Every structure is written in structure tokens, then in C-alpha cells.
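Comments concern the structure below.
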Amino acid sequence: MRHVQFKNVGKIYRSERGPIVALDNINLDIDAGSFVSIVGASGCGKSTLLKCVAGLERITSGEITVGGIPVSEPPRDMGFVFQRDLLFDWRTIVDNVLVSAEFEGKARRDFTDRAHKLLAIFGLSDYAARYPWELSGGMRQRVAICRSLLCSPKFLLMDEPFGALDALTRDELNDELQARWIGEAMTVLFITHSISEAVFLSDRVAVMDRSPGRIAAVFEIDLPRPRSQSSRETVAFTKYAAAIRQTMNEFGAVSR
Ligand code: ADP
Ligand code: MG
């Protein structure tokens, strides 16, 4: 079943220096429960695409549907994780997780058990009563993920969520995210600079052309799950990564 569909989507920003074409005729279908990544150079329109599907920016042409309904405002059942964790320094960790229930106008008390359960899954039980500034970057990003999962979203949008982390922490979080995704029946749209991360996590990887924002190619990643870190060293994995890199080179999607 199709969950998200982009049909001839265009987005032009008006700026003082004239119009900026950020998305140009994007077509992409995302099946319910699938994990789709988008890779491309910075400035190619990845965040714009995510903001448009999230209803945070308006598209200028075409249509985006989520669950068959055209997006005009942030869809229900959606979670969001950004590169910066956006935690509130004056709130405890568990209160930071509970923010998403408050945003959705739901009663906190109905979600406190789930908040603690998610913190336990991400190894943060001992930190529930601490404050964000007491945690490392990787732990903070785990808190941001717990927050995004609190209300059991059917659709999770992630914009370079691990971009600011060291490589080892990033690999760990890739494992944890894969495990949660397998457990939760949710659709994920994930943006990353890392080809290896995209191949590791995804069912499909869309490569964006450098400019203006188009999709140059979509790769189906047919590797068995759950994938382990050692799967990154297999021939099949390496072939996918090499094919994606080649496409990125061809379409100027790699920053030089
Ligand atoms: P990416 O996430 O791939 O780095 P973005 O989607 O952030 O790319 O940006 C795509 C293009 O749109 C860039 O040229 C950027 O400068 C421009 N852009 C992004 N947001 C705005 C905005 N609010 N107003 C004007 N131009 C923008
Ligand atoms: Mg971006």
C-alpha cells in the first residue's frame, strides 16, 4: 500500500535575488512501512522536500499526498527528528520526551509510561530526571528520537539526524533505529549525506541531482534484515554503495 506520493512536485522560493528553484518535478512513491532515504549534496533541496511533505512549507506545483490526502498542514501521526536535537535545556529528559504529547494536545499522564519505556529501550533510564546539558551528543539525539516516537507516529521524517555525531555513535544509532523501525510498522523518510548509512537503513535510496532539485535515480536495496554492522562489508552492500556514489558523481550530487 502506498503511504506517501509526490506527483510532479515543484517548489520555488521567492528571494531578494530572484526565484530559487528548490524542487523541480519530483516524483516519488513511498510504500507504507518502508524505509526510504534521500541522499544528495547540500543545497540540493533535501530539507525543502521534507518540509513540504511535513506541511511546513507550501509547494508551488504538483501534489503531495500522505495516506491519499493532499498535504496542506502537518499530517497527523507524524514524527520529526532534525540534525539539531532541539531539546529544551530547562526541562528534564523525560519532560523533553513528553513535549510531543503536549504539542499534539494530548494528556501527558497517558504517555509517561511510554516515555519511560522508550528511554529504557534507548539505554537512557538512568537519565530520565537529568537535564539535556548533562548528556553527550549521541544521548541527546536518542532523546530526540524517543520524543519523535512518543505518540507512535505512522510516518517518521528525519533530516540528517546523525550528521553531527561521531562515526561509532552513528553506527550504534543506525542499529537502534533499524530495530525500532522493524518493531513499529512505520514509514520512514530519512535524509543523509552518508551513502553507507542510507544503504544500511533503507529499502530504497533516492539520489537527488545537485541543482535544481530533481531525483536522479532510485535504488532498491535488496539486502536481508535485520542488517548487522558487518553487513556493510559484504560484496552486495559495497556494490550498492558504489552504484549510488557513481550516480552522485554523474549528477554532480557530490560536493567538491
Ligand atoms: P539541503 O537540505 O539539500 O541542503 P535545502 O532544501 O535546505 O537543501 O535548500 C535548497 C535550496 O533552497 C538552496 O538553494 C537554499 O538556499 C534554498 N532555500 C532553502 N530554504 C529557503 C528559504 N526559506 N528561502 C529561500 N531559499 C531557501
Ligand atoms: Mg538540509
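Counting residues in the stretch 11-21 that are buried (at least 18 other Cβ atoms within 10 Å of the Cβ) and either under 27 Å from Leu201 (Cα atoms) or more than 16 Å from ligand 2 (Cβ to nearest atom) (or both) gives zero.
Scanning the stretch 4-42 for residues that are of a type in the set (Phe, Trp, Tyr), within 15 Å of ligand 1 (Cβ to nearest atom) and within 20 Å of Pro75 (Cα to Cα) yields a single hit, Phe6.
Report, by residue number, each residue of the stretch 142-164 that is within 16 Å of ligand 2 (Cβ to nearest atom) and out of contact with any strand residue (DSSP E or B) (no Cβ under 6 Å at 6 or more places or on another chain). Scanning the stretch 142-164 gives Phe162, Gly163, Ala164.
Report, by residue number, each residue of the stretch 10-29 that is within 20 Å of Leu156 (Cβ to Cβ) and touching a helix residue (DSSP H, G or I) at 6+ places or on another chain (Cβ under 9 Å). It would help to see each step written out before you state the result.
Taking the stretch 10-29 and keeping what is within 20 Å of Leu156 (Cβ to Cβ), we get 26, 28-29.
Within the stretch 10-29, Ile26, Leu28 meet the criteria.
Cβ separations smaller than 9 Å between residues 6+ apart or across chains give the following pairs from the stretch 132-159 residues that are farther than 18 Å from Leu56 by Cα to residues that are at pLDDT 95 or above and within 16 Å of ligand 1 (Cβ to nearest atom): Ile145/Met158.
Residues are listed down the side, and each one gets a yes or a no for (1) touching a Gly at 6+ places or on another chain (Cβ under 8 Å); (2) aliphatic (A, V, I, L, M); (3) away from ligand 1 (no atom under 16 Å from the Cβ):
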{"site": "Leu173", "(1), (2), (3)": "yes, yes, yes"}
{"site": "Gln178", "(1), (2), (3)": "no, no, yes"}
{"site": "Trp181", "(1), (2), (3)": "no, no, yes"}
{"site": "Leu201", "(1), (2), (3)": "no, yes, yes"}
{"site": "Ile215", "(1), (2), (3)": "no, yes, no"}
{"site": "Thr238", "(1), (2), (3)": "no, no, yes"}
{"site": "Ala241", "(1), (2), (3)": "no, yes, yes"}
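The strands (runs of 3 or more DSSP E) falling completely within the stretch 43-159 that include 1 or more residues that are within 16 Å of ligand 1 (Cβ to nearest atom), modelled with pLDDT of 95 or more and crowded, with 20+ Cβ neighbours inside 10 Å map to 61-66, 155-159.
The values are calculated or read from the model by the stated rules, or taken from the named source; none is laboratory data. Because the structure is a prediction, the values reported are computed rather than measured. No Cβ is skipped: glycine too gets one built from the backbone with ideal geometry, and neighbour counts run over all protein chains shown.
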